[in-house]
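The numbers here are math on the coordinates, done by the rules we state, and not lab data. Every value quoted in this text rests on a predicted model; they were computed, and no experiment measured them. Here Cβ is always computed from backbone atoms with ideal geometry, including for glycine, and neighbour counts include all displayed protein chains.
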Amino acid sequence: MSIARDFTKRRFWSRFSIQTLASVGFFAIFTGVTDALFPDALPPVGKFLAAAVSVLSIGYGLFQSWPRPVQQSYSSPNTEIHIVEGDLFEQEGNVVVGMTNTFDTEIPHIIDERGVQAQLLTRVYRNDRAALDRALEAELDAHPVVHRFTPDDRKPGKQDSYSLGTTVTVAPAIRKLYFCVAYTEMNKRNEARGSVDGIWRSLNNVWDEVRAKGNGDPLSIAVIGGGQARISQYFPAQDSIRFIALSYMFASRKEKVASRLNIVVEKRAVRNLDMLELQAFLKSLRPS
């Protein structure tokens, strides 16, 4: 993940200033105490000593403030959270796939072909929609249908709706699971709508499913809230990442979910994120 953009953030310069001044203060106290106890131990303060202190202090400030990969390890529970720039489907381990509560799979007229749900079809199932539908239906048999559209609704695509947060697991590849969760509701015009409360409940269901079937393997999830959910206007990516991390940590404190959670950010969205602030947030989730 590029770190150049972090140098434009106020948080970086604030931390750099604090750490640099702290280093200057340390040298000032050290030389003052040494001079008081051993008056002849230090040479007269000159340009060389001032320059040396300045260089060392600036170096220390840079070292402490230099942007690093955004990740945090936790001991209780024993897990990690990484914020990763890249491709969700190229990450190690299992994957969370956000879907609508009708589990529609037809692209592009019903499902946005750029979304995660569509990529599950095109990249994992190689455009074999029948195979994906069979896998979903086999798992959905265990979940009750809460609403069925009628012919008068004239809804294209699938007609059965399931509870928000319904989560099913498909496994088209060996040792890689895809946890498909309904975090938006589809209406008869195939308009998907989501809410913060609905996404929170859906995430809780995902963590339960991952805990039961994921074998503790690393888990990857995309930033949610935009796209079909249509709530990005009050749930931007920065807040979405914090939301996912907070939900994951609450669930993990109850019982371990996975060895690592990767929150995957698309490259076009990274430039709008304050990575230093996100690092500080992840650090704040450690038990006090």
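At-a-glance table
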{"quantity": "Counted charge near residue 147, where neighbours are those whose Cβ lies closer than 12 Å (Asp, Glu -1; Lys, Arg +1)", "calculated": "+1"}
{"quantity": "Long-range HN-HN contacts of residue 85 with modeled amide H, under 5 Å", "calculated": "265"}
{"quantity": "Net length gained if the chain between residue 246 and residue 204 were fully extended (0.36 nm per residue, minus Cα distance)", "calculated": "14.0 nm"}
{"quantity": "For residue 217, residues with placed amide H under 5 Å, excluding near neighbours", "calculated": "259"}
{"quantity": "Inter-label distance, nm, simple model (7 Å from Cα along the C-beta direction), residue 71/residue 112", "calculated": "2.9"}
{"quantity": "Distance violations [Cα-Cα > 21 Å] among 254/283; 213/267; 256/283; 213/254; 176/283", "calculated": "213/267; 176/283"}
{"quantity": "Computed FRET value (nearest 0.05) for residue 54 with residue 29, which takes r as the C-beta separation and R₀ as 22 Å", "calculated": "0.85"}
{"quantity": "Gain on full stretching of the segment that runs from residue 212 to residue 80 - 0.36 nm per residue minus C-alpha separation", "calculated": "45.7 nm"}
{"quantity": "Selection from 249, 200, 98, by position along the positive dipole direction of the range 71-284 (Cβ)", "calculated": "249"}
{"quantity": "Residues whose placed amide H lies under 5 Å from that of residue 223, excluding near-sequence neighbours", "calculated": "264, 266"}
{"quantity": "Distance (nanometres) between label positions extended 7 Å along Cα→Cβ at residue 92 and residue 147", "calculated": "4.2"}
{"quantity": "In order through the range 189-198: 3J(HN,Hα) via Karplus (6.51 cos²θ - 1.76 cosθ + 1.60), integer Hz, x for Gly, Pro", "calculated": "8, 6, 9, 8, 10, x, 9, 4, 4, x"}
{"quantity": "For peptides 109-119, 242-252, sequence by mean Cβ density within 10 Å, most packed first", "calculated": "242-252, 109-119"}
{"quantity": "Per-pair calculated FRET efficiency, R0 = 45 Å: residue 280 and residue 134 via Cβ, rounded to 0.05", "calculated": "0.50"}
{"quantity": "Computed lengthening from residue 195 to residue 272, 0.36 nm per intervening residue step minus Cα-Cα distance", "calculated": "25.5 nm"}
